[in-house]
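Presented below is the structure to which this report refers.
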Amino acid sequence: MAKASQLKSKCMKCEEKCGKGKASPEVLNQLEAGFAKLSNSDSVSMLKRFLTREVLDKCKQKKTSFGSTLLDCIQSGLENLDSGIGVYAADPECYEVFNELFDPIIEEYHNFKKTDKQPTTDWGNVGLLGNLDPKGEFVLSTRVRCCRTIKGYPFNPCMTEENYKDIESQGQNVLNSLSGELSGTYIPLKGMSKDVQQTLINDHYLFKEGDRFLQAANAFRYWPAGRGIFFNKNKTFLVWLCEEDHLRIMTMQPGGNVGDVYNRLVTAVNEIQKKITFVTDRRLGYLTFCPTNLGTTIRASVHIKLPTLSKNMDQFKILADKYHLQIRGGAGEHSDSADGIYDLSNKRRLGLTEFQCIKQMYDGITELIKTEKAAKR
Ligand code: ADP
Ligand code: DAR
C-alpha cells in the first residue's frame, strides 16, 4: 500500500492538470470564465455570495500539496447555479489554503466564527437518551451517521483509482475485524447486481447514484472502484466506503429508540478508531468533503409522520428551524416526502459536541411530537 508521502504525488489528475506550485493557465482561464458566468447569474449560492473578485484573486493561483486548486473546490457550484453551498473541499488542506472562501461559508452555515473552535469529542451520557415514541405512533425509524477521512488521502476530485482502492482495502480490513453485534459483511459496489443495489437503496441502506452536485464536483470518477457497503446481520450498523466521504459510519433501526441507535454508533466509531487514523483539525474538528458536515459530522435523523403539523409546511419549517432541525424527504437529501414521511435531523454539526448534536435532535423531536399531539386534540 502506498505511503502517505507517496500518495500526494499520486494525485496525478490534479498534478497533471495544474503542474507544480501554481495553478495552470488553463485552470486560471476556467476560473475566470466560471466567475463571469456566476456573477451574471441569479444564483443565490454561498459560492456566489462569498466568491468576490478579491477572494478569487487571492485564491486562484494557489494549490495544495495534493495539487488541488480553487477550481477543484468550486466546479460543482459553477455548474449547478441552484446549489445551496456550491463548494466542496478537494482535499483536507483546502480549508486552510482557500480559507478566504471557506471561512465565510463555514461562518454562515454553522454560525461558527474564525475565532471559534470545535470542542473535543464528547459522546456524553448515552443513558440520558431513551425512546422518542415508545407507543410507535409517529417515529418509523431512527438513524445516526458520522463521516471520517483517512489521513494521507485527498477527497474525491483529487483521488486516483489507487487511492479509492487503498481506502476500500483499509476500510474493509478494519470492518471485517469487528466482532459481536458489529460483525458483518462488506459488499463492493463493483459486481453488485442492479437488483441488489436498488433493493438496498429502496430500503434506505445504500447510497444513491447520480447526485448532480457530486457529479459536477468530480466525485464519481473511477466509479464504482473503491465504493461499497458494510453491514451487520440485522443491518443496524452500516458503513459506506468512498461515497461522498472516505467513510460514512451509521447505525439505524425501526422505531424511536435513539439511545440504542446512538450507543451502537459510539461503540462502532470507538472500535474503528482504534485501527485507523482519521484527519482532524484543531479548529474545525473532523474534516469532510462537504463543509456542511464539518466538526462532529453527526446527522441524527428520524423518519417521522406528523400529519397535523405537516399540513402547513410553512409553519412546519418555522417549527423545525426553532429546534435547529433540517427537513428532508424520506429518500434522503434532495428527495420529497412520500406518504407524509419526513426525515428530520439536527442541522448543526460544528461548534457543539457529539452529545449536544444528538440531544438537539432528541429535544426537538420531543417538542414536535408534543405539538402534534396538542394540535390533534
Ligand atoms: P446522509 O444521511 O448520509 O447525509 P441522506 O440524507 O441521503 O444521506 O440519507 C441516506 C439514506 O439514509 C437515504 O436512503 C435515507 O432514506 C436514509 N435515512 C436517513 N435517515 C433515516 C432514518 N431515520 N431512517 C431510515 N432511513 C434513513
Ligand atoms: N447540494 C449541494 C451540497 C449541499 C450539502 N449536501 C451534501 N454534502 N451531500 C449544495 O451545494 O447545495
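Listed values for segment 123-137 are Karplus-derived 3J(HN,Hα) couplings in whole Hz (6.51 cos²θ - 1.76 cosθ + 1.60, θ = phi - 60°), namely 6, x, 9, 4, x, 7, 10, x, 9, 5, 8, x, 7, x, 7, and x replaces Gly and Pro.
Protein-only accessible surface at a 1.4 angstrom probe places the residues TRP223, TRP240 in the order TRP223, TRP240, largest first. Using the Cβ-Cβ distance between SER335 and GLU107 with R0 = 35 Å, the FRET efficiency computed as 1/(1 + (r/R0)^6) comes to roughly 0.80. Stokes-Einstein diffusion of segment 285-364 at 20 °C, 1.002 mPa s viscosity, Kirkwood radius from Cα pairs, rounded to a whole number: 164 µm²/s. Using a probe of 1.4 Å, the accessible surface attributed to LYS62 totals some 70 Å² when neighbouring protein chains are kept in position.
Looking only at LEU178, LEU132, LEU247, which one moves most when the chain is put into a Gaussian network model with springs between Cα atoms under 10 Å? Comparing LEU178, LEU132, LEU247 in the GNM, the peak value goes to LEU178. Taking the Cα centre of segment 308-377 as origin and assigning +1 to Lys and Arg Cβ atoms and -1 to Asp and Glu Cβ atoms, the resulting dipole is close to 300 debye. When the solvent-accessible area of the chain is split by element, carbon and sulfur atoms take up 49 percent of it, the probe being 1.4 Å.
Largest GNM mean-square fluctuation across THR288, THR115, THR308, computed for the chain with C-alpha springs under 10 Å, falls on THR115. The phi torsions of segment 254-270, fed into the Karplus equation with coefficients 6.51, -1.76 and 1.60 and a -60° offset, translate into couplings of x, x, x, 7, 4, x, 4, 5, 5, 4, 5, 5, 4, 4, 5, 4, 5 Hz, rounded to whole numbers, with Gly and Pro shown as x.
So what does log10 I(q)/I(0) come out to for segment 16-78 at q = 0.27 Å⁻¹, using the Debye formula with one equal point on every Cα and no solvent? With no solvent term, the Cα-only Debye profile gives -1.20.
Relative to the Cα centre, the charge distribution of the chain, modelled as +1 at Lys and Arg Cβ and -1 at Asp and Glu Cβ, gives a dipole magnitude of about 460 debye. Max-minus-min Cα coordinates of segment 164-251 on each principal axis give 40, 28, 22 Å, with the largest extent listed first.
For segment 225-351, a simple Cβ point-charge model (Lys and Arg +1, Asp and Glu -1, everything else neutral) yields a dipole of about 340 debye relative to the Cα centre. At an R0 of 45 angstrom, the distance between the Cβ atoms of GLN172 and ALA375 translates into a FRET efficiency of 0.40. Running a GNM on the chain with Cα contacts under 10 Å, which residue among GLY130, GLY210, GLY77 ends up with the highest mean-square fluctuation? Checking each option, the largest mean-square fluctuation is seen for GLY210. Rounded, prolate or oblate: which one fits segment 198-311, using the alpha carbon gyration tensor with axes a ≥ b ≥ c (rounded when a/c is under 1.5, else prolate when a/b beats b/c, else oblate)? Here segment 198-311 falls in the rounded category. Two decimals is fine: what's Rg over Rh for the chain, C-alpha atoms, Kirkwood radius as Rh? Taking Rh as the inverse mean 1/r over Cα pairs, Rg/Rh reads 0.96.
The values are calculated or read from the model by the stated rules, or taken from the named source; none is laboratory data. Keep in mind it's a predicted model, so treat the numbers as computed, not measured. Counting neighbours? That spans all protein chains shown, and the Cβs are built from the backbone with ideal geometry, glycine included. For the accessible areas, the whole protein counts, side chains as well, though only heavy atoms, and no ligand, DNA or RNA atoms are used. Shrake-Rupley method; radii C 1.70, N 1.55, O 1.52, S 1.80 Å.
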